[in-house]
Each structure stands twice: as C-alpha cells, then as structure tokens.
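Asks: Below: one structure in structure tokens.
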Amino acid sequence: MSRYSVSERIFIVRKYYSNNMSPIVTQRQFATEFKLKTTGPSVSTINRLIQMFERTGSVCDDMFGNVGRPLRVKTPEKIERASQVFERSPRTSIRKVAQQVGIKRESVRQIVVADLQLFPYKIQIHQRLSQRSVEQRLEFANTFVEMIDNDQFDVNVLWCSDEAHFHLDGYVNRQNWRIWGTENPHFAIEKSLYPRRVTVWCALSSRGIVGAIFFEQTVNSALHVEALRNQFIPAIQNGATPHRTNEVFDLLEEHFNERIVALGYPKSKNMGIDWPPYSPDLNPCDSFLWGYIKDKVYAGNPQSIEDMKTAIQTVIESIETSTLQLVMQNFAFLCAIL
C-alpha cells in the first residue's frame, strides 16, 4: 500500500464512504480519476486502508499488523521492551529486536546507544591456560612484588628481551577497514605468495634499548648465542625454545650468575627466577615495544627489507628514556595487580 500517495489514499477513503462502502465502485472511480489503464488498487488494498483509517483516524502507515512501514518512535514502553529483550539474550541482533519490539532498526540503535547505553563487544579468543600456568604467573608476580617491597630488587635495572617478525607486506585489519562511497571501488591490497620478513631482536630497560639485531632466517640457538656475545645483555626473558638451550644458559650464567629470569632456567641451573609460561603481557617488549614500532614503521609503507630495517632502527632511536621508565614502572604495576 505504500505505493499510493497520501492524496490518493484520501480519495479512496472519500469514495469508499460516498459509494455505500463499495470497494468495487471505489476501485473503478480511482482508475477513472487518475486515468489508469488498469483497474486501480485491489479490493484487499482498499479494505486494508479503510481498516487502518478506522483504527487510527489517519491514512498514513502505522506499525500494526505489518501494514506499511513501522513508525520510527521511541516510547518508554518500547525502550523497556528492548531492554528486556537484550537482558534475556544479549546476543540478539538489532534486526531481531526491531521485529520483536515493532519499531525500525534505526530506532532500536538509538535506544541502545542513548537510552540503554549499551556497547557492542566482540568475542575474544585466547589460549586456554592450565591451572598450573595460572599459579606460576601468580607466584612470579608475588616474588617480584615482595622483592621490590623489601628493596631487594630495582625494576630500573631489569632488562627484558624478545624478538618479533616484521613482514614487508605489513598487516591489514580487514574488520576495521572501510571505504565509503556511492560505488564499489573494488580496492584490493596485494599480498606476496611468499611474504618477505625480517626478525628483530631487542632488549629493553628503563635506561635504553639494545638493538635492533636483525635476522633474515629462523633464530636458532647458535644465532641467539652469537647475538648475546656481540651485544651486552644483562638478562633475557623469552620462552621461545631456541632461547632455552644449555648453550644460552651457560653464556648467561658466565656473565650474570643467578641474576637471570628465564623460562626453564631454574630447572636447568638450579638458580635464578623462572619466567611464567604464556605470559607475553608481562614482557614490556610484547606489551609495548613491538606494537609501538610496528605502528610507526607500517605507517611509512616501506618498500624493501632495507627500508624497513632503517625505519625500525629510526623508531627505536626516537623512543625517549622517560617513556621506557614508564614502561618498566607499568611492569611492576602489572605484577602488583595480578
């Protein structure tokens, strides 16, 4: 019925009542008035229009019985009904809520934001941790907090190391990438069949950053030992398998004795502090450094591995000591709130 204008609907209603409520006569007069080659609106359309007019006193569409489009209205009753739907099933879509409440989807969106103050949250996927892993994280955090409180440890002398892969193609989050326009631009980003990448190793403390050390192949134990020998690293904290070999532990023990925090080190050497497994969030390299560097490097769109290496080194050299001090303070804070 939405195909007929308001003036055409008024004509139908008038003729219907002036012709002893005959939809057939009304149909014919409509066709004559508007010079139609066909018979005009169907009898069922006329009857539905009359029913709506008698029910609402208006020829405009309402939301009763799926007649026309639903009105875009927000009433306390509609808000309460929408709230109840979301309370019963938080994963209900806007479209389904609109159907259940009987209003437009745009009205539901307004209710959700302005009245119910709800926000859409996406499901998060994370690795399942064993109970023992959770206990190890807590034990590690408690150990550090106790050492800090008893002046047995200064977080400003802690060095944390790790490595990360930097792909020349960069990274595109397709979920957040949108191009608004009147036509599909058919925009695509090329990705290499065999992506070129470089592995970057750094050590971070409140006093500065050692590195970057670049590897264009898989980092094994020999390469890691070579990097440690060539760069002064007070301690390492990384759980990758090549970093926990006896060769690496022997080198660390030679220079730092028991002042080492590494996954598996106490088991191998009967000294030092064990780094908790599955805890990259505690390592400042993972929680701060790599994300910060990648944001800056990929923004410049490097075209070659050498360009990317230069950009990485430039970003590292631009990081202020005051920033690193805050990062290490945050490490202590994370341990305290675990």
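The values are calculated or read from the model by the stated rules, or taken from the named source; none is laboratory data. Given the structure is predicted, the values throughout are model-derived calculations rather than measurements. Because the Cβ atoms are built from the backbone with ideal geometry, glycine has one as well, and the counts that use them run over all protein chains shown. With ligands, DNA and RNA removed, areas are computed over all heavy atoms of the protein, side chains included. Shrake-Rupley method; radii C 1.70, N 1.55, O 1.52, S 1.80 Å.
Asks: Count, please, the residues in segment 296-318 that happen to be at pLDDT below 90, part of a helix (DSSP H, G or I) and of a type outside the set (A, V, I, L, M, F, W, C).
Replies: So the count comes out to 1.
Asks: Scan segment 22-59 residue by residue and report those that are under 12 Å from Arg9 (Cα atoms) and of a type in the set (Ser, Thr, Tyr).
Replies: Answer for segment 22-59, where residues must be under 12 Å from Arg9 (Cα atoms) and of a type in the set (Ser, Thr, Tyr): Thr26, Thr45, Ser58.
Asks: Quick one: how many residues across segment 125-161 are among the polar types (S, T, N, Q), closer than 17 Å to Ser279 by Cβ and either outside any helix (DSSP H, G or I) or open to solvent by 100 Å² or more (accessible area, probe 1.4 Å) (or both)?
Replies: 4
Asks: Being aliphatic (A, V, I, L, M) and farther than 22 Å from Leu168 by Cβ is the filter here, so list the residues in segment 281-338 that pass it.
Replies: Within segment 281-338, Leu282, Ile319, Leu324, Leu326, Val327, Met328, Ala332, Leu334, Ala336, Ile337, Leu338 qualify.
Asks: Looking only at segment 297-310, which residues are in contact with a helix residue (DSSP H, G or I) (Cβ under 7 Å, 6 or more places away or on another chain) and open to solvent by less than 30 Å² (accessible area, probe 1.4 Å)?
Replies: Selection gives Val297, Pro302, Met308.
Asks: Okay, next question. I need a count of the residues in segment 90-118 that are more than 30 Å from Asp281 (Cβ to Cβ) and either assigned to a helix (DSSP H, G or I) or open to solvent by 50 Å² or more (accessible area, probe 1.4 Å) (or both).
Replies: The total comes to 20.
Asks: Right, another one. Evaluate the following for Ile189: is it at pLDDT below 75 and either aliphatic (A, V, I, L, M) or open to solvent by less than 60 Å² (accessible area, probe 1.4 Å) (or both)?
Replies: Spelling it out, Ile189 is indeed at pLDDT below 75 and either aliphatic (A, V, I, L, M) or open to solvent by less than 60 Å² (accessible area, probe 1.4 Å) (or both).
Asks: Restricting the search to segment 283-295, which residues are over 16 Å from Thr199 (Cβ atoms), assigned to a helix (DSSP H, G or I) and out of contact with any helix residue (DSSP H, G or I) (no Cβ under 6 Å at 6 or more places or on another chain)?
Replies: Those that are over 16 Å from Thr199 (Cβ atoms), assigned to a helix (DSSP H, G or I) and out of contact with any helix residue (DSSP H, G or I) (no Cβ under 6 Å at 6 or more places or on another chain): Gly291, Tyr292, Asp295.
Asks: Moving on to the next point. Considering segment 312-338 alone, what residues qualify as being of a type in the set (Val, Ile, Thr) and surrounded by 15 or more Cβ atoms within 10 Å (Cβ to Cβ)?
Replies: Ile312, Val315, Ile316, Ile319, Val327
Asks: Any residue in segment 3-16 that's over 14 Å from Ala31 (Cα atoms) and outside any helix (DSSP H, G or I): show its pairings with residues that are at pLDDT 90 or above and open to solvent by 50 Å² or more (accessible area, probe 1.4 Å) at Cβ separation under 8 Å, as long as the two are six or more apart or on different chains.
Replies: If the second residue must be at pLDDT 90 or above and open to solvent by 50 Å² or more (accessible area, probe 1.4 Å), no pairs are left.
Asks: Please give the number of the condition Tyr121 fails out of (1) assigned to a loop (DSSP other than H, G, I, E, B); (2) surrounded by 11 or more Cβ atoms within 10 Å (Cβ to Cβ); (3) without any contact (Cβ under 8 Å) to a residue 12 or more places away in the chain.
Replies: Checking Tyr121 against (1) assigned to a loop (DSSP other than H, G, I, E, B); (2) surrounded by 11 or more Cβ atoms within 10 Å (Cβ to Cβ); (3) without any contact (Cβ under 8 Å) to a residue 12 or more places away in the chain, the one that fails is (2).
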